[in-house]
Amino acid sequence: MATNLTPSLVRNILRKEFSKDLDKFEIIKAISLLAQNNQIGQELVLRLLSRRDDFIGYEIIIDSLIRRVGLYPYLQQESLSLNDSIAFEFHKPIGLADNIVFHHAQAEVYYSLMKGENIILSAPTSFGKSLIIDAVIASNKHKNIAVVVPTIALIDETRKRLSKYKKDYKIITHPTQEIEDKNILILTQERAITIINEIPIDFFVIDEFYKLSPTKSDSQRAHILNHVFYQLVKQNAQFYLLGPNIEEITTELLVNIKFRFIKTDFKTVIAEKHKINIPKGEKPINKLLELTSKLKEPTLIFCQSPASANRVANELLLNGKFNNLKENDSLVSWIKSNYHEKWILANCLEKGIGIHHGKIPRAIAQKSIKLFNEGKINFLICTSTIIEGVNTKAKNVIIYDNKIARSKFDFFTFNNICGRSGRMFSHFIGNIYLFHEPPSPELPLVDFPIFSQNEDVPAELLINLDKEDLKENSKKTLEKYYSQKHLSIQVLSENSFIELDYQIELAKFLEENINKVESYLNWKSVPSNDQLKVACILIWNYFIKSKRRIYGVSSGKQLHFRINQFREAGNLKNYIQQFIGNNNDLSKINEAIELAFDIQRHWINFQFPRYLLALNNIANHVLAKQSKSQGDFSSYANMVECYFTEPYVVPLDEYGLPVQISLKIGKQIELDKNIDKSLIAIKNLNPEKVDLSEIEKEFVYELKEYL
Amino acid sequence: MNKFFKIIIHKNDEIPNLHGVCAGFENKLWRKDQLVEYIFNYLPEFALNHSELMDFDSLSIIPKIRQAAGNVYQSQKFKSRGEFGELLLHAILRETYNSIPAISKIYYKDSPNDTVKGFDAVHVIPNGNDLELWLGEVKFYQSIYSAITDVVAELIEHSKIRYVRNEFITISNKIDTNWEHSEKLKSLLDPITSLDDVFEKTCIPVLLTYDSSIISKHEKSTEDYVKEIEIELLKFHKSFCDKLGDFPLTVHLFLLPLSTKKELINKLEEKLKIWQQI
């Protein structure tokens, strides 16, 4: 046999069934030589691992190769030599489960963090960046740790993972929770900004840190994240920022704050890309149907939008190749009776297909992921929420669309989607099926605008900085806000998710019309219908200022209408029905259901309460200056936020318990308004002692597992 | 690192040559404590490879690697402690020849059985313009006679592989490409290079330890002691050479007499136990 086996020859041999006369020793020898080159070596060793069972008798050499490329987690500890055993032990972080060992690159990051360095890490999805957080927490060195994540779904995922430290740390996911002696705060930036100033943080993590760089569609959230980052850095807390596939960091931080940027391609699984050829005239969906009927292992199907996901789901349902599974029956009928019997998600789950996108109620989306990870459904049709919001992995990823919403995604996003394929220990090789040409390989540079303070950094961000940290040009930008008399810097800063000029315009308007508007702004607890209407109109005209339709709302009046409509419906099922009316068309029904979800999540649960409090804040400032009595909108804002039901429904929904079930429990046992207390009540609840269906109990048991 | 071993005799006029070394005495005691401490200084480079040593801060490594060794000790897998002889061999090679652990493992196929075998240590040593490959064997024993018998049998096995062409798998330790000999190492490992060429440059260092009544009898490195131990060392060198007979590869014999292996092991365990708890 030729001794000059090239990487591609070895690759091809390892992809296929072995011929009987294959000299395995030669194959391993070739890999050991090629392993002199890091990247190729690692890839080939992973391919070799995927065929481990075909190399019986060569285990010790395979182990040596694994050790050589630093993939310690894949080593079989029992058969190691003394020096390799010591190296293996050396790569085990202290305080984690005994079977957890870091690979070489993880250990490097871990030891740097343990030394107190600030680290910004760019590494592929399968690297295991989060496990390092666990190890740092397990060291028990820190008193207060903050983990900032981009979505509420990730709060929940992280909370579950870190619940193993609940003996030493109180886990906090909501700003209203009580602080104890040692805490782990797991928060989105919007939640973090309200409390991080009150708690001395020693160590913080920003997950998906590239979100500090604003994009067109998401600059508001990026600014809040920058603000959080700045405040934590000012507290002198040590940090660990993590994210995938970043080329470079283009900003320095404050003078005395140093950090190390580590960029690595270290992978623990590899991805095999397959181009799907679509002959002219053939519809891509037919190719997709053909492909899905062949794939037997867990498969993600990436679509550009919820609408596209629904279309694909519909085609899969119509094609008739998926049989009904009995397994998810009780969940399916629960969903049908609690949302709508014709909702596409229920029909899909019935056939072992899940759907995951931003419109689906949180607890149900989480349940879909759980079913997928447990192998109870084999296909998950998803949108970008899966790459930014949750960490799920599959053997196969089908990239059906090459866009997110309407714009083509870049190489960075493409990589992140691809990163969902393969899973440590079970799928060394993942498959990516491409329906489009991949984007050109160019990775992003990340800037932290709050520190760089380039010309285009907006005043909304700068207003949150201490004066001493402002650069000269930033001071100039802020001058007009410092010199105006309408609103204090504090008010502007507290509402800085709203453009500063908008805030001032509103203040001016209120000042000029104070006698007319006074009675609409000094209410406390619950507004009259007219007071609510005025609030909605002011919010729309001064804060949102859009002529477009945003999640089913296009004016202040309509916002007012939607809120009342939601309150009067009494529950989500009735609310959905109002949008469906007598419609019988399946896709129209789905649109209606999702519109109801949109309004609920975007306006009722998030934006309206937030804007209402900002309005309250600004109005009070104006009222106080004119020595008039002030309003207090906070209890009404809370009421709207929890869907005019009970305060506990929101946190419990985030923890995976659907609103319908928590309300059902709340009718039978006392659930406190206070989140901590309601969680304790659920923790102590025996689900068998309350009137719940089997599937509802299952939700409760799953919740209790991590409390 | 400062040299630790006291050279009693270096007999270089025949092959296999002889390095007779001992740990010496201090405060009227055989230096077992110091020996244990000394060999553990080699733990980082013994256990970690080149890139790992580069990526970890060398100061913070030491306590952690000691702890790792302690944990391995506790795992019971290395109960016989014989494997700690590999660390001893590593230390002696590094000290006496300034060898470089550039290769972590060499395996060969013992055809036709197809079982895979390896060596206790693989180092390289620059020699003029060439690189020598040193494939080490160690017997961390109490009885010199069993040590000699066992190691000779193994060496004869090894010598057979000379005739098994191209049946080697070498796993390099990824030495820096800036290393002056890195190209030579590559060509040494290249399967195109004839094994005859490789073996011309191959040496087999053999380390044998044994319990010596001479050491337990003395408490200081006196002239009498040196004389007595030298005679013993020469005697065992001769019996090793006789037993090995005509051997095709260059062998370097290292003899390390111990007061007793048992007290050395006890000391070793004591240390490991402490480190494991840190």
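The values are calculated or read from the model by the stated rules, or taken from the named source; none is laboratory data. Worth saying up front: this structure is predicted, and the values here are computed from it rather than measured. In this analysis, Cβ positions are derived from the backbone assuming ideal geometry, glycine residues included, and neighbour counts consider all displayed protein chains. Ligands, DNA and RNA are excluded from the accessible area calculation, which covers all protein heavy atoms including side chains. Shrake-Rupley method; radii C 1.70, N 1.55, O 1.52, S 1.80 Å.
Miscellaneous remarks
- Looking across the range B:42-86, just one residue is open to solvent by less than 30 Å² (accessible area, probe 1.4 Å) and at positive phi, and that is B:R81.
- Residue in the range A:536-569 that is most open to solvent (accessible area, probe 1.4 Å), counting only those that are more than 20 Å from A:A592 (Cβ to Cβ) and among the polar types (S, T, N, Q): A:N541
- Residue match in the range A:669-679 (condition: among the β-branched types (V, I, T), more than 17 Å from A:I364 (Cα to Cα) and modelled with pLDDT of 95 or more): no
- The set of residues in the range A:197-232 that are on the phi < 0 side of the Ramachandran plot and charged (D, E, K, R) comprises A:E198, A:D202, A:D207, A:K211, A:K216, A:D218, A:R221.
- Under the condition of being crowded, with 21+ Cβ neighbours inside 10 Å and either in contact with a Ser or Thr (Cβ under 6 Å, 6 or more places away or on another chain) or under 22 Å from A:I137 (Cα atoms) (or both), the residues counted in the range A:245-267 number 2.
- Search result, residues across the range A:570-622 that are surrounded by fewer than 18 Cβ atoms within 10 Å (Cβ to Cβ) and of a type in the set (G, A, S): A:G570, A:G581, A:S587
- Subset of the range A:103-140 [in contact (Cβ under 8 Å) with a residue 12 or more places away in the chain and of a type in the set (D, E, K, R)]: A:E108, A:E117, A:K129, A:D134
- Taking the criterion of being charged (D, E, K, R) and over 22 Å from A:S337 (Cβ atoms), the residues of the range A:546-588 that qualify are A:K547, A:R548, A:R549, A:K557, A:R562, A:R567.
- Here the strands (runs of 3 or more DSSP E) wholly within the range B:8-123 that include at least 1 residues being facing chain A (nearest Cβ under 8 Å) are B:103-110, B:115-117.
- Residues being without any contact (Cβ under 8 Å) to a residue 40 or more places away in the chain and surrounded by 21 or more Cβ atoms within 10 Å (Cβ to Cβ) - total across the range A:268-308: 0
- Among the residues making up the range A:519-535, those that are modelled with pLDDT of 95 or more and open to solvent by less than 70 Å² (accessible area, probe 1.4 Å) are A:S519, A:L521, A:N522, A:W523, A:P527, A:S528, A:Q531, A:L532, A:V534, A:A535.
- Matching residues in the range A:137-184 - criterion: being among the basic types (K, R) and closer than 26 Å to A:L212 by Cα: A:K143, A:R159, A:K160, A:R161
- One residue from B:K273, B:K262, B:K220 being charged (D, E, K, R), open to solvent by 10 Å² or more (accessible area, probe 1.4 Å) and within 21 Å of the chain's Cα centre (by Cα): B:K262
- Residue identified as in a strand (DSSP E or B) and either within 19 Å of the chain's Cα centre (by Cα) or crowded, with 21+ Cβ neighbours inside 10 Å (or both) among A:I381, A:I369, A:I364: A:I381
- Residues that are within 19 Å of A:A346 (Cα to Cα) number at least 1 in the following helices (runs of 4 or more DSSP H) confined to the range A:531-622: A:572-580, A:586-598.
- Residue match in the range B:155-165 (condition: modelled with pLDDT of 80 or more, surrounded by 13 or more Cβ atoms within 10 Å (Cβ to Cβ) and either within 14 Å of another protein chain (Cβ to nearest Cβ) or touching a Lys or Arg at 6+ places or on another chain (Cβ under 8 Å) (or both)): no
- Tally, over the range A:10-48, of residues that are under 40 Å from the mean Cα position of the chain (by Cα) and within 27 Å of B:A121 (Cβ to Cβ): 12
- Inside the range A:507-518, residues that are in contact (Cβ under 8 Å) with a residue 12 or more places away in the chain and either open to solvent by less than 70 Å² (accessible area, probe 1.4 Å) or touching a Lys or Arg at 6+ places or on another chain (Cβ under 8 Å) (or both) make up a count of 7.
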